[in-house]
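A short write-up of the structure that comes next.
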Amino acid sequence: MANRTVKEAKNVHGTNPQYLIEKIIRSRIYDSKYWKEQCFALTAELLVDKAMELRFVGGVYGGNIKPTQFLCLTLKMLQIQPEKDIVVEFIKNEEFKYVRALGAFYLRLTGAALDCYKYLEPLYIDNRKLRRQNRAGQFEIVYMDEYIDELLRNDRVCDIILPRIQKRSILEENNEIEPKVSVLDEDLDDELPSDEEKADETNRPKENSTAVRRPRRVRSKSRSRSRERERRSGQGNNARSRDYYDELEDYDRQRNRVRNRDTHNEDYDRRQNSGRQDRERERQDRDSIRERERDGDRDRRDRERDRERDRGRHDQRERDSRGERDRRRY
């Protein structure tokens, strides 16, 4: 009885409002402690107090799919189906941000496309932070405008599949809703230059063309002088640069010789070690074969000894029985 939808409730999107939440998640909510203790016999007035106690949003978490308090209250709203005015007051509540988030989520589940765009788009200017619990049970920060954008654009929010709504462009083409006006349009208009400023900018380069060319001639002269100086100094330093490069070549030659010698020694040591390891492995194999043969010979001798002992016992019993028969006969 406590989990049934109220009799006065109307179908939403052609089905029972509680069926908007999947059956598995719905059964987990019914079995949760918060639902049994805090959500029992809640009315629309008492639901406001519970919504004010929320400290984060989220769907389910953990390996055994535990529902959050936010999801439990959402199902309770679907069960009692509060009036539209109450939901709108939830959305317009500026003091408690989680009450606004709960009302926006409920309106997205049950409302029409026009109502969603009408009441949720004004919340884009709300930049407050929300705590959201993910599937791993960890908390992450999300802003209110991001949360509203997810409700209007994504197919799944808080692990609940949202009903499909018409795109805004289609509603604008049908003249059912006014075109969206961004808050940033006025700032962009202020930043764009006017026609007079554009004309001033086009005239400025013509007036200052001579002033712009003069530094280039000075730069070209200074560059030619520096090149002359470098050419003169380079002729005197050719001998020293040749000696320096010869020394570098000798050093590289010696270093390559040392490297080749080291690599040769390493290859020789590696071959020696591999040969030693192969011989050690062969010796261990021979020892294991000898040990197995020794064990087999020992087992064979033990079996022959047991067989001889059994044969001797049998012969003794035969002699005893034969002597007993002879004594009885005589």
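The values are calculated or read from the model by the stated rules, or taken from the named source; none is laboratory data. Computed from a predicted model, the values in this text were never measured in an experiment. For neighbour counting, all protein chains shown are included, and Cβ atoms are generated from backbone atoms with ideal geometry for every residue, glycine included. For accessibility, only protein heavy atoms count, side chains too; no ligands or nucleic acids. Shrake-Rupley method; radii C 1.70, N 1.55, O 1.52, S 1.80 Å.
For R131, project a label point 7 Å along Cα to C-beta. Then give me every residue of the stretch 24-61 with its amide nitrogen under 13 Å of that point.
Flagged as within label range: 53-58.
How long is the gain from T15 to S27 if the chain were fully straight, where each residue apart is worth 0.36 nm and the alpha carbon distance is subtracted?
2.6 nm
When a/c is below 1.5 the answer is rounded, else prolate if a/b is larger than b/c, else oblate, so apply that to the stretch 35-125 with a ≥ b ≥ c taken from the square roots of the Cα gyration tensor eigenvalues.
prolate
If each residue of separation counts as 0.36 nm, what is the full-extension length gain between R283 and E318 once their alpha-carbon separation is subtracted?
Value of the extension gain: 7.3 nm.
Hey, what's the stretch 17-183 come to in accessible area per residue, 1.4 Å probe, Å²?
Per residue, the stretch 17-183 has an accessible area of 53 Å².
Please name whichever of Q254, G275, H264 sits farthest to the positive end of the charge dipole of the stretch 249-329, dipole taken about the Cα centre and charges placed at Cβ: Lys and Arg +1, Asp and Glu -1.
Of the candidates, G275 comes out farthest on the positive side.
Show log10 I(q)/I(0) for the stretch 249-329 at q = 0.16, 0.24 Å⁻¹, two decimals, from a solvent-free Debye sum over equal Cα scatterers.
-0.83, -1.04
Among rounded, prolate and oblate, which fits the stretch 62-170 when a ≥ b ≥ c are the square roots of the eigenvalues of its C-alpha gyration tensor, a/c under 1.5 means rounded, and a/b larger than b/c means prolate? It would help to have the intermediate numbers written out before the result.
Working: a/c = 1.37, a/b = 1.31, b/c = 1.05.
Rounded shape, in that the Cα axes give a/c under 1.5.
Over the stretch 13-72, one equal point on each Cα, no solvent: what is log10 I(q)/I(0) by the Debye formula at q = 0.20, 0.24, 0.27 Å⁻¹?
Reported log10 I(q)/I(0), two decimals: -0.86, -1.13, -1.26.
Output the relative contact order of the stretch 1-141, whole-number percent, from Cα pairs under 8 angstrom with separation of 6+ residues.
27 percent
When Lys and Arg each count +1 and Asp and Glu each count -1, what net charge do the other residues less than 12 Å away from G58, Cβ to Cβ, add up to? Please report the intermediate quantities before stating the final value.
Numbers: positive: R55, K66, R131, R132, R135; negative: E140, D159.
Result for the neighbourhood of G58: +3.
For V157, which sequence-distant residues (separation of 5 or more, or a different chain) have an amide H within less than 5 Å of its own amide H, given hydrogens modelled in the peptide plane?
Distant-sequence amide H within range of V157: L162.
Counting only protein heavy atoms, what percent of the accessible surface of the stretch 249-329 is carbon or sulfur at a 1.4 Å probe?
Carbon and sulfur together cover 40 percent of it.
What full-extension length gain, to one decimal in nm, is calculated for D246 and Y143 as 0.36 nm per residue of separation minus the Cα-Cα distance?
30.3 nm
To the nearest 20 debye, what charge dipole does the stretch 17-183 have about its Cα centre, counting +1 at the Cβ of each Lys and Arg and -1 at the Cβ of each Asp and Glu?
Computed about the Cα centre, the dipole is about 720 debye.
Using θ = phi - 60° and the Karplus curve 6.51 cos²θ - 1.76 cosθ + 1.60, what whole-Hz ³J(HN,Hα) does each residue of the stretch 28-39 get, with Gly and Pro shown as x?
So the J values, rounded to whole Hz, are 5, 5, 4, 8, 6, 5, 5, 5, 6, 8, 9, 9.
Using the Karplus curve 6.51 cos²θ - 1.76 cosθ + 1.60 with θ = phi - 60°, work out ³J(HN,Hα) for each residue of the stretch 50-64 in order, rounded to whole Hz, and write x for Gly and Pro.
Listing the rounded values in order: 5, 5, 5, 8, 5, 10, 6, 10, x, x, 10, 8, x, x, 9 Hz.
About the Cα centre, and with charges only on the beta carbon of Lys, Arg (+1) and Asp, Glu (-1), how big is the dipole of the stretch 249-329? Nearest 20 debye, please. Intermediate results must be reported in sequence, preceding the final value.
Working: 31 positive and 27 negative charges, 192 e Å.
Here the stretch 249-329 has a charge dipole of around 920 debye.
Under 20 Å from a label point 7 Å along Cα→Cβ of R298: give me every residue in the stretch 252-287 with its amide N that close.
284-287
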